[in-house]
1. Checking Ala313 against (1) more than 21 Å from the chain's Cα centre (by Cα); (2) assigned to a helix (DSSP H, G or I); (3) among the aliphatic types (A, V, I, L, M), which single condition isn't satisfied?
2. Can you pull out the residues in region 190-221 that are more than 23 Å from Leu157 (Cα to Cα) and not in a loop (DSSP other than H, G, I, E, B)?
3. Quick one: which residue in Ser323, Ser368 is more than 30 Å from Arg135 (Cβ to Cβ) and not aromatic (Phe, Trp, Tyr)?
4. May I ask you to verify whether Tyr260 is at pLDDT 90 or above and not assigned by TED's automatic domain parsing to the domain that holds Met45?
5. I'm trying to understand the selection: among the residues of region 35-74, which are in contact with a strand residue (DSSP E or B) (Cβ under 7 Å, 6 or more places away or on another chain), of a type outside the set (A, V, I, L, M, F, W, C) and in a helix (DSSP H, G or I)?
6. Among the residues of region 86-100, which ones are out of contact with any Leu (no Cβ under 7 Å at 6 or more places or on another chain) and part of a helix (DSSP H, G or I)?
7. I'd like to check something: does region 114-127 contain any residue that is closer than 22 Å to Val5 by Cα, acidic (Asp, Glu) and either at pLDDT below 95 or assigned by TED's automatic domain parsing to the domain that holds Tyr69 (or both)?
8. Name the single residue that is modelled with the lowest pLDDT among those in region 267-283 being more than 20 Å from Lys227 (Cα to Cα) and crowded, with 17+ Cβ neighbours inside 10 Å.
Amino acid sequence: MKLQVMFRLDYWVGRPLCKAISLLHEVLEKILSDKAENIPPNKIMFLELSEMGAAILAYSAIKEAQKSYPEAKFYFWIFKENAESVYALGVIPEENVITLRNNNLFVLLLDVLRNLKKIRKEKIDTVIDMELFSRFTSLLTYFSGARKRIGFHKFTLEGLSRAEIYTHKVIYNPYQHISKNFLALVKAIEYDCDAPLLKIPLDSYKTIVPVAELANKDLDAIWDKLKKENELIDRKNRIVVLNPGVGEYLFLRRWPIENYIELSNRMFEDENVFVVLIGLKSESAELTDMNCLSQNKRFVNLIGKTTVREMIALCNIASLFISHDSGAANLASLTLINAIVLFGPETPVLYAPLKDNKKILYKNLACSPCFSAYNHRASICRDNKCLKAITVDEVYECSNRF
């Protein structure tokens with residue numbers, strides 16, 4: 001289902017549903033005294049449906065929860081298309097990853113009912129909703145039946161209302177990295193419901209991501225795939241991975257395609273370099289302009305041809321990864337590859353990949369970032385000068401520093 005459709009449903013259907021559920025919850029709370037008991041949780045579920053990168057950046061929060069509650073069982077609820085990012089972290093048993101298909105509205109609703117049936121059968125007592133201000137996930141949190149429901153709350157902010165159903169309401173802090181915001185959700189479990197949570201410093205907590213473990217057969221398999229696409233490639237060559245495209249909705253995050261073409265041609269000046277393109281299958285039609293690169297014998301097009309695991313394997317054997325801010329950039333952070341990440345309509349303060357060997361290019365224009373949790377990543381901008389201001393020369397020179 002397209003993101004625009006999902007956002008419209010969240011707005012036009014989610015708002016009245018949230019208001020109705022909030023009123024119902026208020027009545028039931030008075031009748032039943034529905035208050036979360038301050039006892040350690042037994043079964044904790046993380047809910048983060050739509051962002052592959054966010055699931056990766058939640059790693060430290062998940063590890064902190066497992067450290068704090070070693071006897072608890074852990075679950076993760078996510079869109080099926082993003083589930084491999086959770087598997088790659090290796091912290092949640094695969095059988096405890098609950099997936100939701102979003103092919104169309106009928107399939108989505110069918111899976112919601114199936115998922116809720118499973119969740120209630122498991123008797124999950126704590127749900128941590130990591131979506132920023134999604135009405136849909138607040139409703140899922142409520143219908144999960146969990147006694148403890150932790151999520152971000154608007155408090156005095158205008159708009160972005162959700163269902164008033166959270167037992168632990170945590171303030172979203174746009175001035176600290178999203179991984180710390182996720183950590184605040186986890187730490188809030190320990191405290192009484194004194195809104196707004198969380199009223200402790202998090203400076204002493206270092207948020208990280210793991211290095212994904214791959215077997216030699218995975219590395220051999222990706223070499224075989226590269227060889228199949230281009231028989232000239234050799235294990236002695238230097239591989240540069242480019243991730244040039246994004247989905248239709250977030251087109252403002254794109255660095256111009258012509259820049260990627262020019263950068264690739266600059267890379268080809270080194271006769272030992274092979275340039276490999278990656279991306280989603282849905283993006284292949286949008287990137288036809290880059291077909292001109294196929295004239296070079298050291299070009300490999302893997303757009304739509306790799307799984308998440310294969311992409312991680314590719315980053316394990318490559319020497320450099322270049323991308324706009326994206327889920328792919330966070331997947332690359334699960335490896336030791338050097339990375340250059342370009343930011344424009346979003347800020348690296350919140351979303352920079354958690355790896356040391358990276359270079360962030362960001363022009364910090366007066367209008368940037370224009371994407372935020374407060375506008376559901378919707379912008380009236382149609383000319384992303386924030387990214388166009390990053391030159392090919394800058395990126396190329398940056399690549400030579402690794």
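The values are calculated or read from the model by the stated rules, or taken from the named source; none is laboratory data. Remember, it's a predicted structure, so these values are computed and weren't measured experimentally. Every residue, glycine as well, gets a Cβ built from its backbone with ideal geometry; the counts of neighbours run over all protein chains shown.
1. All conditions pass for Ala313, except number (1).
2. Glu190, Asn216, Lys217, Asp218, Leu219, Asp220, Ala221
3. Of Ser323, Ser368, the one residue that is more than 30 Å from Arg135 (Cβ to Cβ) and not aromatic (Phe, Trp, Tyr) is Ser323.
4. yes
5. Gln66
6. If the condition is that a residue be out of contact with any Leu (no Cβ under 7 Å at 6 or more places or on another chain) and part of a helix (DSSP H, G or I), then Val86, Tyr87, Leu89, Glu94, Glu95, Asn96 are the ones that fit.
7. Within region 114-127, not a single residue is closer than 22 Å to Val5 by Cα, acidic (Asp, Glu) and either at pLDDT below 95 or assigned by TED's automatic domain parsing to the domain that holds Tyr69 (or both).
8. Only one residue fits best here, namely Glu283.
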